[in-house]
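S.K.: Before we start, here is the structure in question, set down as structure tokens.
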Amino acid sequence: MPKLNEKIFVIAMLFYVTGAVLPFLADTQDRATRLEGDPFQFALQSIFYAGAFWFMAIHWRTVLNGAYHAKWIICLIVVAIASTMWSQDPAFTLRRTIVLVATTAFGIYFGSRFSVAQQLRLLAWTFAFVVLSSFAIAIFLPRYGVDHFLHPGDWQGAFGQKNMLARIMVLSAMVFYFVRPQSGNTLRWLGLAGAFVLLVLSRSVTGALVFCAVVATIPLYRLLRTKITAAIPIVVGVVLAVLGSGVIIANSLPAIFQLLNRSPQLTGRTELWNAVVMAIMKRPLIGYGFNAFWQGMTGASATVMLTVQWLPLHSHNGFLDLMLDLGLLGLVTFALGYFALWRRAIKLTRTMRGPVPVWLCTYLLFMFVYNLTESSILVENNICWVLYTATAVNLFLDVPDTVVLEEATLDYGR
């Protein structure tokens, strides 16, 4: 049984990798900003990972067992490390891969040391602090918690940008929905309500769409536990409804964009994606090296920035960023691992009761959908990558019977 001091550290570490409050302490807002020279950021990072490796060392057998069951994650990390050899900035790639390895190691530790139920409880505590800090900063320090420049009036809470707040609030809402506290559900529902309110106040269209997609798919996982003959009419109906909605949306896109006060170019994303694809085509197989492409107005990223006439810090698409970093080699490695995780998740959903397998499926969907407009694949110090690594461990760790026994009472009816 994990001790209290270990749980407190894990909650603090999880809070750190959410990125909350950090934009105001170290002026960091994104993966592409090169802050390894910032003394405060480096000190904070060193302290947290020193603590993480201390607990990993204590439970090294558990961590090694978890790493063994996260083979596809390890393969992708190996490719990232190997990219130092062909990176356009080898020294920077090497430094960032060290942090990436540490982040991934923490994800393996988190997934192997704690059961899924325990992980959800620790995450619920973490996101409760994130929700509270976001409300506090927006209300008492609106200069920082509310955007006054790019999107006036939109809340960004404890983060440097409204879409970052929205992403974490969608994830928070998922956690509060699936967690089963050991004492009552009042705080759970308060957390869910708080996350939803912050999501609305952020006015992030991406966050709202991802939230709707996640909510809409949760009931569908129950079909995997029904007889095929009973599920077929429902599946056919859902497919027809999705196709019909797609046709209606496609024909109404101009009106929808006008209603949402958004441009058909998705706030410049389509132009950016076109420019990024052109950059990818120059080095399609192995990319530019991990974290080596976005160097401002130096290197290959200068061409992209001159093309789009603004200064993006990443591609606003995780799959494009992965190809920029590691080329087709990295994308294929990630895709093979991702589909292997989905196959395992579906299998567990069919055979295991309770919310645990549905949580794992939901998180895999969240990871995919959000990477269509944001980047969280192979991102160091990032909660999304930590949880993706932990999910890989949870799905392939060879202790399903233990999980079933622990989660047998955690059904949706409670």
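S.K.: Looking only at helices (runs of 4 or more DSSP H) that lie completely in segment 320-414, which have at least 1 residues being farther than 22 Å from Ala105 by Cβ and either at pLDDT 90 or above or touching a His at 6+ places or on another chain (Cβ under 9 Å) (or both)? Break it down stepwise before answering.
M.R.: Values: elements: 356-370, 383-396, 400-407.
Output list reads 356-370.
S.K.: Check Leu336, Leu372, Leu397, Leu348 and return the single one that is closer than 29 Å to Phe290 by Cα, crowded, with 18+ Cβ neighbours inside 10 Å and of a type outside the set (Lys, Arg).
M.R.: The conditions single out Leu397.
S.K.: Follow-up question, since we're still on this one. Name the one entry in Phe110, Phe159 that is part of a helix (DSSP H, G or I) and in contact (Cβ under 8 Å) with a residue 40 or more places away in the chain.
M.R.: Going through Phe110, Phe159 in turn, the sole match is Phe110.
S.K.: Next question, about the same structure. Look through Val308, Val276 and report the one residue that is surrounded by 14 or more Cβ atoms within 10 Å (Cβ to Cβ), more than 25 Å from the chain's Cα centre (by Cα) and modelled with pLDDT of 50 or more.
M.R.: Val308
S.K.: Sticking with this one: State the number of residues belonging to segment 148-195 that are on the phi > 0 side of the Ramachandran plot and either among the acidic types (Asp, Glu) or modelled with pLDDT of 90 or more (or both).
M.R.: Matching residues across segment 148-195 total 2.
S.K.: Moving on. If only one of Phe40, Phe135 is at pLDDT below 95, in a helix (DSSP H, G or I), more than 26 Å from Asn394 (Cα to Cα) and among the aromatic types (Phe, Trp, Tyr), which one is it?
M.R.: Numbers: Phe135 fails: at pLDDT below 95.
From the options Phe40, Phe135, the qualifying one is Phe40.
S.K.: Next question. For Gly289, work out the one condition from (1) under 29 Å from Val215 (Cβ atoms); (2) over 18 Å from the mean Cα position of the chain (by Cα); (3) crowded, with 23+ Cβ neighbours inside 10 Å it doesn't fulfil.
M.R.: (1)
S.K.: Can you name the condition, by its number, that Leu94 falls short on among (1) among the hydrophobic types (A, V, I, L, M, F, W, C); (2) outside any helix (DSSP H, G or I); (3) assigned by TED's automatic domain parsing to the domain that holds Val358?
M.R.: If we test Leu94 against (1) among the hydrophobic types (A, V, I, L, M, F, W, C); (2) outside any helix (DSSP H, G or I); (3) assigned by TED's automatic domain parsing to the domain that holds Val358, just (2) comes out false.
The values are calculated or read from the model by the stated rules, or taken from the named source; none is laboratory data. Bear in mind that the values here come from a model prediction, so they are computed numbers and not experimental data. Here the Cβ is made from the backbone with ideal geometry for all residues, glycine too, and neighbour counts use every protein chain on show.
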